[in-house]
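Here's the structure, in structure tokens; my notes come after.
The values are calculated or read from the model by the stated rules, or taken from the named source; none is laboratory data. On a predicted model such as this, the values are computed, not experimentally measured, just so you know. Glycine also receives a Cβ, built like all others from the backbone with ideal geometry; neighbour counts cover every protein chain displayed. In case anyone asks, the SASA skips ligands and DNA or RNA and just uses the protein heavy atoms, side chains included. Shrake-Rupley method; radii C 1.70, N 1.55, O 1.52, S 1.80 Å.
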Amino acid sequence: MKKRALSAAGLLLFSLLSAAGIQAQRGVITRIDPPSWFSGSGSDTLDLLLYGKGVERLPLAVEGPNIRLLASDTAFSGDYRLLRLFVPQSFSGTFHLLAGSGKKTQRIAYQVHAPQPMIGKIQASDRMYLLMPDRFANGNPQNDRMPGMAELPDRNKVNGRHGGDLEGVAAHLGHIRNLGFNALWMTPFIENNQPRESYHGYACTDFYRIDPRFGDMNVLQRLRDSCRSLGIGLVLDCVYNHIGDQHPFYRDRIRQSWFHLSDSFRRSNYRIAALSDPYAAPSEQAAMREGWFDHHMPDLDQNDPLLARYLIQQTLWWVAQTGASGVRIDTYPYSEQAFLLQLLQRLKAAFPGLFIFGETWEHIPAAQAVWTHNRMSDPNAVALDGVTDFQLAFALHRGLREPFGWNTGISSIYYCLAGDGIYRHPEQLVTFVDNHDLDRAAALYKNDLATLRIAYGLLYTQRGIPCVFYGSELGMDGAGPHGIIRRDYPGGWPGDSLDLFQFAQLSPAQRDLHDWLRALAAIRSQHPAHFQSGRRIQYIPQDSAYAYFISKGDTVLGFFIHTGNSPRRLYHSQFPDLRLNWRSAQPLTTQAAKQEEQSILLPARSFSAFRWLSPVETHD
């Protein structure tokens, strides 16, 4: 098929036209992946994938100080060719690729530059905001319909494209920061030129192109710079398990070994637990890893070393371009384990402070913990910094919707946390009540404000990095199909009847929840050491009441949850491990329990937070 040059958005940092000698004629290179490189990449070798009619027959050479051509591979279907170059990590500047011979030789300038400095390191005390660009805000309606894009916008289709973009995100960064968030995870913004459901970004059709309906590199750079000025770290969402079936790699079958192919469609069994199950059937483990996620998502086989290097290099490139603070890896266990370890090693070599976490949607702790640093494995093993903590999410769902009991109600949350001994760094788990794949919290809790306050109180004050899905500050609900869960943010589109980015237009309940999240974020931001390395003590829930404490230095934070329908009195003597001057308690939330001479009175269905300053004595 005809190969596409990168758009004028600026992803190719050398000229695409005759000034650089790249012309639309036989035997001429039209595109190179990656389009540029960066110094300090963690490796002295660089693979370049060349596109162009007849490129496999071109004489090739490189010209530059200490730059060498190591190998060339033409074993591809279609018009592709791979070059492996020696490029010293210390090199910065321009070298040239020479393609062809005689007067028809192309001399293509290839740039190696310094990477963008990291916006900021993600810490265990941070607060993360998750949004889908297509559903958050439409900052530029002019890019809703772009040449060559298969799916047109239609806000009446719940699974259709709605027109949100990166300019819309940039326009509302102040809203995100005002809520207390200092990390922003956006679902993928690279090209998804699929005919249906292209809005979510998880079916890539070009690894090096921003989807033009989201914007271009200039827009992304402005967004990056605004994040830097506001102290908001960027988290990239990366997908390695699959691509979209409209990707040229799949349509051309660039290399058969890059895909898990069979005579008929084979769907994954989605059973992540099979990979850590000591009794698992090998056939079911293979079905989990090699089956396709869906009909339109061809499954990649990262056992092919050329594909593995391609995927790793494009991730390194995006981190270098954006100054990203973190990388979230979609469907993490579905990819080949050897590839994942290589990916982590390369990312950490180039960007030691990068926070890397993976999606691990499973229903038992061991199947989740095995992918991060855990006490079942070698402490020096390469592993993710953290994983998405579905175990706590499920415990929050059960614990705040069912009656209290020995192992039900709020006890579910206690038991979940009691199992944290399996992790080496539970404070680095990414925690949430809901996300872009689960029913929204407001729907789960039937729009009950008291329950939502408790849920977010627990989320923000337990171990881990809390991640809040866009619209949660409004109590946005939605359950069932993904398109319903991923509703548009009211006010993000010109002509919306309500603009809920404006505080004045919020209902009383929305204002309450908005302010509640800000107050909870302040607790974390004002006590970072407590959430990074404080000593935690939790007490077994009694009669719907649950208490836990974090101590660091001379300061103790205390949290009290009561899910019952009548006030509940807890006596100071129930907490003998902390010797506190109870009368000196400073309330950290507006909904505070009442401190009494020998007890604390918890309001019905409440979350309360307190702080005690020195002197504080703790039992050894």
(request) Being within 21 Å of the chain's Cα centre (by Cα) and farther than 25 Å from Gly174 by Cβ narrows it down to one of Leu429, Leu400, Leu449, Leu459, so name that one. (result) Leu429
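With respect to Ser90, determine if the residue is modelled with pLDDT of 95 or more and of a type in the set (Ser, Thr, Tyr).
Values: modelled with pLDDT of 95 or more: yes; of a type in the set (Ser, Thr, Tyr): yes.
Yes: the conditions hold for Ser90.
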(request) Can you run down the residue pairs with Cβ atoms below 9 Å, 6 or more apart or on separate chains, where the first is in the range 585-599 and more than 20 Å from Arg524 (Cβ to Cβ) and the partner is open to solvent by 50 Å² or more (accessible area, probe 1.4 Å) and aliphatic (A, V, I, L, M)? (result) none
(message) Just to check your reading of the model, which residue among Gln313, Gln302 is buried (at least 20 other Cβ atoms within 10 Å of the Cβ) and in a loop (DSSP other than H, G, I, E, B)?
(response) Gln302
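Scan the range 4-25 and give yes if some residue there is in a strand (DSSP E or B), at pLDDT below 95 and either basic (Lys, Arg) or open to solvent by less than 50 Å² (accessible area, probe 1.4 Å) (or both), otherwise no.
The initial filter retains those residues of the range 4-25 that are in a strand (DSSP E or B), namely none.
No: the range 4-25 contains no residue that is in a strand (DSSP E or B), at pLDDT below 95 and either basic (Lys, Arg) or open to solvent by less than 50 Å² (accessible area, probe 1.4 Å) (or both).
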(message) Condition first: open to solvent by less than 30 Å² (accessible area, probe 1.4 Å) and small (Gly, Ala, Ser). Now tell me which residues in the range 121-171 satisfy that.
(response) Ala124, Ser125, Ala137, Gly160, Gly163, Gly164, Gly168
(request) Would you mind telling me which numbered condition in (1) assigned to a helix (DSSP H, G or I); (2) open to solvent by less than 20 Å² (accessible area, probe 1.4 Å) Asn435 fails? (result) (1)
(message) Within the range 401-414, take every residue that is touching a residue at least 60 places away in the same chain (Cβ under 8 Å) and open to solvent by less than 30 Å² (accessible area, probe 1.4 Å) and give me the one that is nearest to Ile540 (Cα to Cα).
(response) Ser411
(message) Could you tell me how many of the residues in the range 321-376 are crowded, with 19+ Cβ neighbours inside 10 Å, over 16 Å from Ile119 (Cα atoms) and β-branched (Val, Ile, Thr)?
(response) 5
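Got a sec? Which of Gln111, Gln142 is at pLDDT 95 or above and not in a helix (DSSP H, G or I)?
Gln111
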(message) For the range 583-593, which positions are at pLDDT below 95 and buried (at least 18 other Cβ atoms within 10 Å of the Cβ)?
(response) Ala585, Thr589, Gln591, Ala592, Ala593
